[in-house]
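Okay, structure first, notes after.
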Amino acid sequence: ETGVTQSPTHLIKTRGQQVTLRCSSQSGHNTVSWYQQALGQGPQFIFQYYREEENGRGNFPPRFSGLQFPNYSSELNVNALLLGDSALYLCASSGEGTSPYTQYFGPGTRLTVL
Amino acid sequence: SQQGEEDPQALSIQEGENATMNCSYKTSINNLQWYRQNSGRGLVHLILIRSNEREKHSGRLRVTLDTSKKSSSLLITASRAADTASYFCATDAYGNNRLAFGKGNQVVVIP
């Protein structure tokens, strides 16, 4: 157990819809990163938030957006869903109180787009 | 983008044997990390090796890093059935936790 939780566990949406995924970071962590993992592939970095500000972004279009809240929980929003957005979405938190650079991953949200 | 590339990508071994996985990467790094993933769920951090380190141990795990060859290896000694999982290497270019993962190694340990 890493102390990082994600909701929901599974989600089914149709093309064109919008989705919001949630992550609750481990206590004291002020940095959260989001990753997309397609089936059979390694995770790909989407973006990172530090103290409520976006702090770096991977090669993902603007329809992927995020928020980090004062309690360091966060959201990943995806608009205009495509079939290719079907994947496991992982969040990872790090910050004060952890070993340098160690990230703690949540169990993920599996998104299926039909 | 995917930076790490693990080799071999699938490994099946008997319990008690050692498992070795290799990872190559393309750009300079601050550190390299190995993760384990069970059944497509969350990733578990195994070990981190910094760019100025050559070898690191943690329990039954041994990681080596060769920055001149841009490669790393993960050795799991005396494997157990519970080690059955996918293993990923991930590079951190700037020490900012923005990781570039490889495609992963699937390891099956047969009891």
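The values are calculated or read from the model by the stated rules, or taken from the named source; none is laboratory data. Quantities reported herein were computed from a predicted structural model and do not represent experimental measurements. Cβ atoms come from the backbone with ideal geometry, glycine included; neighbour counts cover every protein chain shown.
Counting just the residues of the stretch B:21-45 that are hydroxyl-bearing (Ser, Thr, Tyr) and surrounded by fewer than 16 Cβ atoms within 10 Å (Cβ to Cβ), which one comes out farthest from A:Leu39 (Cα to Cα)?
Per the stated criteria, the residue is B:Ser28.
Can you find a residue in the stretch B:98-106 that is of a type outside the set (A, V, I, L, M, F, W, C) and farther than 24 Å from B:Ile13 by Cα?
As a first pass, look at the stretch B:98-106 and keep what is of a type outside the set (A, V, I, L, M, F, W, C): B:98, B:102-106.
With the extra rule that they be farther than 24 Å from B:Ile13 by Cα, the set shrinks to B:98.
Yes, the stretch B:98-106 contains a residue that is of a type outside the set (A, V, I, L, M, F, W, C) and farther than 24 Å from B:Ile13 by Cα.
Right, A:Glu75: of a type in the set (D, E, K, R) and either within 27 Å of B:Val107 (Cβ to Cβ) or within 14 Å of chain B (Cβ to nearest Cβ) (or both) or not?
Values: of a type in the set (D, E, K, R): yes; either within 27 Å of B:Val107 (Cβ to Cβ) or within 14 Å of chain B (Cβ to nearest Cβ) (or both): no.
Considered against the rule, which asks whether it is of a type in the set (D, E, K, R) and either within 27 Å of B:Val107 (Cβ to Cβ) or within 14 Å of chain B (Cβ to nearest Cβ) (or both), A:Glu75 comes out as no.
Give A:Asn30, A:Asn55 a once-over and let me know the one that is touching a residue at least 40 places away in the same chain (Cβ under 8 Å) and not hydrophobic (A, V, I, L, M, F, W, C).
On the way: A:Asn55 fails: touching a residue at least 40 places away in the same chain (Cβ under 8 Å).
Testing whether each residue is touching a residue at least 40 places away in the same chain (Cβ under 8 Å) and not hydrophobic (A, V, I, L, M, F, W, C) leaves just A:Asn30.
Within the stretch B:87-100, how many residues turn out to be facing chain A (nearest Cβ under 7 Å) and within 14 Å of B:Leu48 (Cβ to Cβ)?
Residues that pass the stated criteria total 6.
Pairs only if they're at least six apart or on different chains, beta carbon under 8 angstrom, first in the stretch B:71-84 and closer than 19 Å to B:Gln33 by Cβ, second not in a strand (DSSP E or B); list them, first residue then second.
Correct list of pairs: B:Ser71/B:Tyr25; B:Ser72/B:Tyr25; B:Leu75/B:Asn18; B:Ile76/B:Asn18; B:Ile76/B:Arg60; B:Ile76/B:Asp83.
Taking the stretch A:27-69, which residues are of a type in the set (Phe, Trp, Tyr), more than 25 Å from A:Leu114 (Cβ to Cβ) and within 13 Å of another protein chain (Cβ to nearest Cβ)?
Within the stretch A:27-69, the first condition is being of a type in the set (Phe, Trp, Tyr), and the residues that meet it are A:34-35, A:45, A:47, A:49-50, A:60, A:64, A:69.
Still in the list and also more than 25 Å from A:Leu114 (Cβ to Cβ): A:45, A:47, A:49-50, A:69.
A:Phe45, A:Phe47, A:Tyr49, A:Tyr50 - these are the residues of the stretch A:27-69 that are of a type in the set (Phe, Trp, Tyr), more than 25 Å from A:Leu114 (Cβ to Cβ) and within 13 Å of another protein chain (Cβ to nearest Cβ).
Determine whether the stretch A:9-26 contains at least one residue that is in a loop (DSSP other than H, G, I, E, B), more than 14 Å from chain B (Cβ to nearest Cβ) and of a type in the set (Lys, Arg). Steps first, please.
Within the stretch A:9-26, the subset in a loop (DSSP other than H, G, I, E, B) is A:9, A:14-18, A:25-26.
Next, from what is left, pick out any that are more than 14 Å from chain B (Cβ to nearest Cβ): A:14-18.
Now restrict to residues that are of a type in the set (Lys, Arg): A:15.
Yes, because at least one residue in the stretch A:9-26 is in a loop (DSSP other than H, G, I, E, B), more than 14 Å from chain B (Cβ to nearest Cβ) and of a type in the set (Lys, Arg).
Assess whether A:Ser33 counts as being in a strand (DSSP E or B) and in contact with a His (Cβ under 9 Å, 6 or more places away or on another chain). Show your work before the answer.
Details: in a strand (DSSP E or B): yes; in contact with a His (Cβ under 9 Å, 6 or more places away or on another chain): no.
The answer is no for A:Ser33.
Given the options B:Asp83, B:Asp66, name the one that is away from chain A (no Cβ under 14 Å), at pLDDT 95 or above, surrounded by 15 or more Cβ atoms within 10 Å (Cβ to Cβ) and more than 12 Å from the chain's Cα centre (by Cα). Steps first, answer last, please.
Values: B:Asp66 fails: surrounded by 15 or more Cβ atoms within 10 Å (Cβ to Cβ).
Residue meeting the stated conditions: B:Asp83.
Take the residues in the stretch B:40-63 that are hydrophobic (A, V, I, L, M, F, W, C) and closer than 23 Å to B:Asn96 by Cβ, then tell me which one is farthest from the other protein chains (Cβ to nearest Cβ). Before the answer, list the steps.
Kept after step one, since they are hydrophobic (A, V, I, L, M, F, W, C), are these residues of the stretch B:40-63: B:43-44, B:46-49, B:61, B:63.
In the following step, the residues that additionally are closer than 23 Å to B:Asn96 by Cβ were identified as B:43-44, B:46-49, B:63.
Numbers: B:Leu43: 4, B:Val44: 7, B:Leu46: 11, B:Ile47: 10, B:Leu48: 6, B:Ile49: 11, B:Val63: 14 Å.
The residue in question is B:Val63.
Among the residues of the stretch B:27-39, is any out of contact with any Gly (no Cβ under 9 Å at 6 or more places or on another chain), away from chain A (no Cβ under 14 Å) and not in a loop (DSSP other than H, G, I, E, B)?
Within the stretch B:27-39, none of the residues are out of contact with any Gly (no Cβ under 9 Å at 6 or more places or on another chain), away from chain A (no Cβ under 14 Å) and not in a loop (DSSP other than H, G, I, E, B).
Could you tell me which of the residues B:Gln106, B:Gln9, B:Gln37, B:Gln33 is within 17 Å of A:Gly42 (Cβ to Cβ), modelled with pLDDT under 90 and not acidic (Asp, Glu)? Walk me through it before giving the result.
Details: B:Gln106 fails: modelled with pLDDT under 90; B:Gln37 fails: modelled with pLDDT under 90; B:Gln33 fails: modelled with pLDDT under 90.
Result of the check over B:Gln106, B:Gln9, B:Gln37, B:Gln33: B:Gln9.
Restricting attention to the stretch B:86-111, and to residues there that are polar (S, T, N, Q) and under 18 Å from B:Thr20 (Cβ atoms), which single residue is farthest from the chain's Cα centre (by Cα)? Give the steps one after another, and end with the answer.
Step one: of the stretch B:86-111, the residues polar (S, T, N, Q) are B:86, B:91, B:96-97, B:105-106.
Now narrow it down to the ones that are under 18 Å from B:Thr20 (Cβ atoms): B:86, B:105-106.
Working: B:Ser86: 9, B:Asn105: 8, B:Gln106: 11 Å.
Ranking the candidates gives B:Gln106 first.
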